[in-house]
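All remarks here apply to the structure that follows.
The values are calculated or read from the model by the stated rules, or taken from the named source; none is laboratory data. Computed from a predicted structure; not experimentally measured. Note: ideal-geometry Cβ built from the backbone for every residue, glycine included; neighbour counts use all protein chains shown. Just so you know, the surface numbers come from the protein's heavy atoms only, side chains and all, with ligands and any DNA or RNA stripped out. Shrake-Rupley method; radii C 1.70, N 1.55, O 1.52, S 1.80 Å.
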Amino acid sequence: MTRKRLLHLVLFGVLLSAEALIALFVHDGFVRPYAGDILVVAVVYFFVRIFIPENRPWLPAAVFVFALLVELSQGFHLVERLGITNPVLRTVLGSVYDVRDIVCYGVGCILLAVYERAYLRKTVHR
């Protein structure tokens, strides 16, 4: 169990670092808006897997629903309505709704489901 938690902690750290580097240094029309949105669901997924290391086939779907709710909150301008001024919280919650973000979250969660399935097979056949 500890090995699984450590693996997911390392993956979380690597992906979070990649997200931070993208946010700080990449200003293009593909990596930042699309790859960043695909990676963000993986960051959330591996963060949750630190605390729930057992295989959970439903987890990618739960992460997608969470990402969808965050994106919908952007469509309803929740950050502005709640008067959130903290720049970190504003960045995490976002403020611009875009349906393409939802597509990227879906792609990321499909990749996570494939990972979950492969990881489940690997751990079951040991």
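Pairs meeting the criteria (first residue in the range 55-73 and on the phi > 0 side of the Ramachandran plot and open to solvent by 40 Å² or more (accessible area, probe 1.4 Å), second residue among the acidic types (Asp, Glu) and not in a helix (DSSP H, G or I), beta carbons under 6 Å, at least 6 apart or on different chains) are lacking. Might you let me know whether the range 45-60 holds any residue that is at pLDDT 95 or above and among the polar types (S, T, N, Q)? No, the range 45-60 contains no residue that is at pLDDT 95 or above and among the polar types (S, T, N, Q).
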